[in-house]
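First the structure, in the form of structure tokens, and then the observations on it.
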Amino acid sequence: MDELAAAAAPDDAGGVPFESFVAASGDRLLRTAYLLTRDHALAEDLLQTALTRSWSRWRRIDGDPEAYVRRVLVNTYASWWRRRWNGEKPTEVLPEVGHDPHEAHADRQDLWTALGRLPRRQRAAVVLRYYEGLTEAETAAVLGCSVGTVKSQTSRALARLRVDPVLAGTSEGSLR
């Protein structure tokens, strides 16, 4: 690495160089971004923005850098929602949508639809707890709230999913 690149690159966070971290954790973080946004292009944009924000603070990260970046990811997602970009307008006739290999089963699509109707905090709690497999304490740290808030948000989300009309035909075991 030449002197200019060495001066521009941040020091290692927790002993892990930024490039190595992205190579090792990028797929997991992209999956989290996709689960939050439900759109591949937005998920890539969200992850890129979170990584850009994290890169500038990389040398100051103490502990697990993935937890830090995941929190930046969730906070960025929340700030995008607050901005409410109004460039897209709903229409009566939907354009033809290409096949998404990640949504092979009808039940899975129904669950995505139901998750999309959850409030953002509840959706974030469900994604982090059940899709990412984080503990309640880890989820609370990522969301910046108490463990009790994570429990209540998750409980409310699961209660809404249980009575969701789209999931009425879905087997009950998939929601527990």
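Could you check how many residues of region 122-146 are in a helix (DSSP H, G or I) and either free of Cβ contacts under 8 Å to residues at least 40 places away in the same chain or surrounded by fewer than 17 Cβ atoms within 10 Å (Cβ to Cβ) (or both)?
Qualifying residue count for the region: 10.
When you scan region 23-73, how many residues do you find that are more than 13 Å from E132 (Cα to Cα) and among the aliphatic types (A, V, I, L, M)?
Summing the residues that are more than 13 Å from E132 (Cα to Cα) and among the aliphatic types (A, V, I, L, M) in region 23-73 gives 13.
For region 55-74, give me each residue that is of a type outside the set (A, V, I, L, M, F, W, C) and either loosely packed, with under 12 Cβ neighbours inside 10 Å or over 11 Å from the mean Cα position of the chain (by Cα) (or both). Step through it out loud before you land on a result.
Going through region 55-74, the residues of a type outside the set (A, V, I, L, M, F, W, C) turn out to be 56-57, 59-60, 62-66, 68, 70-71.
Matches in region 55-74: S56, R57, R59, R60, D62, G63, D64, P65, E66, Y68.
Just the residues that are modelled with pLDDT under 80 and out of contact with any Lys or Arg (no Cβ under 9 Å at 6 or more places or on another chain), please, taken from region 53-91.
Once the filter is applied, which keeps residues that are modelled with pLDDT under 80 and out of contact with any Lys or Arg (no Cβ under 9 Å at 6 or more places or on another chain), region 53-91 yields W80, R82, R83, R84, W85, N86, G87, E88, K89, P90, T91.
The values are calculated or read from the model by the stated rules, or taken from the named source; none is laboratory data. Bear in mind the structure is a predicted one, so any value in this text is a computation, not a measurement. Reconstructed Cβ throughout: ideal geometry from the backbone, glycine too, with neighbour counts over all protein chains shown.
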